[in-house]
Ligand SMILES: Cc1cc2nc3c(=O)[nH]c(=O)nc-3n(C[C@H](O)[C@H](O)[C@H](O)COP(=O)(O)OP(=O)(O)OC[C@H]3O[C@@H](n4cnc5c(N)ncnc54)[C@H](O)[C@@H]3O)c2cc1C
């Protein structure tokens, strides 16, 4: 009987757990270790953050799903990984006791550590800004937003700044969705004229989103996400400033450096800024008690996999096979990583270093869809290894499609959404020798009410699928 341990039950780990449980749950030991007893549907926290959805509607308990699938659930925090002796140390949530979970195969799917500390004054706990990156933070964000609503009701004008809070931040899509939802919510409340909205980000251009922007041909014309998002910002009266790396925040001001090395300040009343993401800081301990982290993770704590690392960007963009296919650690071939936890070989967007030596570069996003797909690939390969002794699945981000729907309001009557389909997620200039490195017919952008319906439908469909209900496998990740 093989033992498979999964750390993290987000899009990546939970998707993997469903496939592994379905195929092996009855005959092998599958264990999921997760900090929370719930699966959270993270994309809907955008609506939680403006008070348009209760946080309880974004979650379901994991244990009943795992029971059905024959998967063990450990509610706790993994703290140490012992790759030579093949076990994980977990602090149990119930009683604080420590437990060792043995494994033959380990999947690390922990998502990021939200590194607020990398930017002075950032974050809701030790700083001044809001976040929608965890469920409690999204709820706090909502409460802080409501306070601003009260001020506006009293006739005050309020400045909202939304974007990235670190020169190397990612996840611009979530922040973009938040600012457009704030716009729509304020309109609904009749308060939009009391608010100034500013998009502040580290992207090299509006609409870059950490993926080098998106281009499509519509009626023979090439349309860029830069034009598309600029048009949306113009229509919604949202000001924008890009090419800015935020390095400090105080109670009223955001401090940044721009691409040219100039330093500047932006005053604000309410700010939601995405922090830097780093890997979860596990202790990786060898058989003699030595630190073996260099074999497993990079400096940022992301798990090294079968990617080609340390290539200059100019070479990386020309080499689609630099992106990993199996998500397997090169030193310990029974350790895999999926979702945000794996170390990408480099940025997708053009990197930029200022004259002061600061890198202001949007990090590559590993969105929910991408994380789920990778979780499935890794699960299928672990099933293969257990049943056939060899892996038969693989998909690089240079071969993967992703859909991104950024809602602008949650209403099914007057809401809207920007629907962006990208193929492949990471440009492949060998297969698509155009300036964008993408299939310009499959890649598509559209704005409209249909997207708002789709976004709602995706929330419900995923909450259904991820509870392992009838037919879950036919619903794609
Ligand atoms: C507000 C917001 C909106 C978004 N909207 C979209 C969208 O519309 N579409 C889209 O595709 N993507 C979206 N994303 C991105 C998407 O949510 C992430 O890409 C996705 O959640 C990453 O999945 P993951 O499984 O890698 O990590 P996570 O979802 O972060 O899951 C990791 C899990 O590991 C657990 N964990 C961490 N450390 C430990 C530990 N030490 N021990 C045990 N468990 C641990 C965590 O508690 C968590 O449950 C959005 C993100 C945000 C923040």
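Screening region 365-388 for residues that are within 16 Å of the ligand (Cβ to nearest atom) and not in a helix (DSSP H, G or I) and picking the one that is farthest from residue 261 (Cα to Cα) gives 367. Residues in region 126-142 that are out of contact with any helix residue (DSSP H, G or I) (no Cβ under 7 Å at 6 or more places or on another chain) and away from the ligand (no atom under 16 Å from the Cβ): 128 only. Just to be sure, is residue 277 more than 30 Å from residue 428 (Cα to Cα), modelled with pLDDT of 95 or more, within 16 Å of the ligand (Cβ to nearest atom) and surrounded by 13 or more Cβ atoms within 10 Å (Cβ to Cβ)? So residue 277 fails the test.
The number of residues in region 414-437 being over 16 Å from residue 210 (Cα atoms) and in contact with a strand residue (DSSP E or B) (Cβ under 7 Å, 6 or more places away or on another chain) comes to 5. Scanning region 260-295 for residues that are over 30 Å from residue 81 (Cβ atoms) and either part of a strand (DSSP E or B) or touching a strand residue (DSSP E or B) at 6+ places or on another chain (Cβ under 8 Å) (or both) yields 263, 264, 265, 266, 267, 268, 269, 270, 271, 272, 273.
Scanning region 338-364 for residues that are touching a strand residue (DSSP E or B) at 6+ places or on another chain (Cβ under 9 Å), within 13 Å of the ligand (Cβ to nearest atom) and in a loop (DSSP other than H, G, I, E, B) gives 338, 343, 363. Just one of the listed residues (445, 391, 457) is surrounded by fewer than 15 Cβ atoms within 10 Å (Cβ to Cβ) and either within 16 Å of the ligand (Cβ to nearest atom) or in a loop (DSSP other than H, G, I, E, B) (or both), namely 457.
Looking only at region 90-133, residues that are farther than 20 Å from residue 360 by Cβ and without any contact (Cβ under 8 Å) to a residue 40 or more places away in the chain come to 12 in all.
Please specify each residue of region 203-237 satisfying the condition of being surrounded by fewer than 23 Cβ atoms within 10 Å (Cβ to Cβ) and part of a helix (DSSP H, G or I). Hits for region 203-237 are 226, 227, 228, 230, 231, 232, 233, 234, 235, 236. Does residue 440 count as free of Cβ contacts under 8 Å to residues at least 24 places away in the same chain and part of a loop (DSSP other than H, G, I, E, B)? So residue 440 fails the test. The set of residues in region 168-202 being closer than 21 Å to residue 445 by Cα and in a helix (DSSP H, G or I) consists of 172, 173, 174, 175, 176, 177, 178, 179, 180, 181, 183, 184.
Annotation: of all residues in region 27-47 being more than 17 Å from the chain's Cα centre (by Cα) and more than 7 Å from the ligand (Cβ to nearest atom), the one that is surrounded by the fewest Cβ atoms within 10 Å (Cβ to Cβ) is 27. Of the residues making up region 49-75, those that are buried (at least 22 other Cβ atoms within 10 Å of the Cβ) and more than 30 Å from residue 25 (Cα to Cα) number 2.
Taking the numbered list (1) away from the ligand (no atom under 16 Å from the Cβ); (2) in contact (Cβ under 8 Å) with a residue 60 or more places away in the chain; (3) farther than 30 Å from residue 259 by Cα in turn, residue 330 passes all entries but (2).
Between 307, 337, 294, 322, the distinction of being without any contact (Cβ under 8 Å) to a residue 60 or more places away in the chain and surrounded by 21 or more Cβ atoms within 10 Å (Cβ to Cβ) belongs to 307 only.
The values are calculated or read from the model by the stated rules, or taken from the named source; none is laboratory data. For clarity, every value in this text was computed on a predicted model and none was experimentally measured. We place every Cβ from the backbone using ideal geometry, glycine too, and count neighbours over all the protein chains shown.
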